[in-house]
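Q: Here you go, one structure.
The values are calculated or read from the model by the stated rules, or taken from the named source; none is laboratory data. It should be emphasised that the depicted structure is a prediction, and the values quoted were computed from it without experimental measurement. A quick note on method: Cβ atoms are made from the backbone with ideal geometry, for glycine too, and the neighbour counts reach across all protein chains shown. These accessible areas exclude ligands, DNA and RNA; they are computed on the full protein's heavy atoms, side chains included. Shrake-Rupley method; radii C 1.70, N 1.55, O 1.52, S 1.80 Å.
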Amino acid sequence: MNALCCECGNLRTCKRPRNRTYGSRPDGTERATGDLKCSACNRITRHALLSEAAVEYRDMFEIDDAWARGMPPGPDTYLGTNPKALADLRDTYRRAQPQNPFLSHIWFKSEADEARERGEATVRAYCGVWVPLPKDGGRDLTEQDYEPIARSEEYEGPDGEFWVDMDCVDCVRVANDRRRRRRAKQVADWLPWVTARVLNESLPTEDVDELHRALEVIVDRFRQRRTQQQ
């Protein structure tokens with residue numbers, strides 16, 4: 001299996017690490033670790049063990065991490081059918097680490113409106129963080145309003161630490177995933193319509209040529225990836 005040094009991040013392979021243990025982290029997730037010689041540190045250090053026994057277990061922690069940071073769980077998963085458990089996971093994850101107070105988040109306007117009607121002062125952003133609702137005419141920041149800006153200003157936080165004023169990368173990732181899903185659904189809806197008209201030769205030649213160019217690029221990429229994997 002593969003193992004990551006917990007001190008420097010160096011990757012190595014191993015068979016039977018010493019002092020192998022399983023435990024829980026403060027954020028509620030679990031990990032497997034063991035003692036191994038790190039070539040970069042030049043000594044025995046603690047390593048995180050990356051299981052390769054099965055894909056569903058190997059990627060489990062990465063998937064949990066993505067869900068905790070706002071990515072939607074599948075409808076057939078436990079968290080996908082249990083909103084309270086998902087909310088608890090996200091709250092626990094965020095409490096376990098310091099939060100940049102100068103991040104620009106994205107949220108659903110409908111959820112913000114419902115929160116205002118209930119008299120609440122916060123709304124959950126895409127990433128799972130609770131953010132203050134805009135006041136004094138402030139506008140909700142939704143996907144439609146979001147425009148990526150490469151900001152680099154740095155400010156001092158309430159505890160003396162410094163943070164960069166920037167977009168929340170977790171909110172942006174969720175927004176991009178939502179856009180990808182919408183476009184994938186549109187493509188799935190369009191393909192049968194396009195295929196039927198290609199087969200009955202009712203599409204104009206220029207449309208067929210444009211489709212051919214777009215699909216040719218996709219097929220070429222697929223062939224290149226398959227060749228690289230061989």
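Q: For the range 208-230, check the following and say yes or no: at least one residue is β-branched (Val, Ile, Thr), modelled with pLDDT of 85 or more, in a helix (DSSP H, G or I) and closer than 30 Å to residue 96 by Cα.
A: Checking the range 208-230: not a single residue is β-branched (Val, Ile, Thr), modelled with pLDDT of 85 or more, in a helix (DSSP H, G or I) and closer than 30 Å to residue 96 by Cα.
Q: Moving to a separate point now. Which condition from (1) open to solvent by 70 Å² or more (accessible area, probe 1.4 Å); (2) free of Cβ contacts under 8 Å to residues at least 12 places away in the same chain is the one that residue 179 breaks?
A: It is condition (2) that residue 179 fails.
Q: Here's something else I'd like to know. Taking the condition within 18 Å of residue 65 (Cβ to Cβ), within 20 Å of the chain's Cα centre (by Cα) and modelled with pLDDT under 90, does residue 78 pass?
A: Here the answer is yes, as residue 78 does meet what is asked.
Q: Hey, another quick one. Output the residue which, of all residues in the range 78-134 that are touching a Leu at 6+ places or on another chain (Cβ under 8 Å) and among the hydroxyl-bearing types (Ser, Thr, Tyr), is most open to solvent (accessible area, probe 1.4 Å).
A: Selected residue: 122.
Q: Let me ask another. Test residue 151 against the stated conditions and say whether it is of a type in the set (Lys, Arg), modelled with pLDDT of 90 or more and exposed (fewer than 15 other Cβ atoms within 10 Å of the Cβ).
A: So residue 151 does not fit the description; no.
Q: Being at pLDDT 90 or above, more than 13 Å from residue 5 (Cα to Cα) and basic (Lys, Arg) narrows it down to one residue among 43, 58, 69, 25; which is it?
A: The conditions single out 69.
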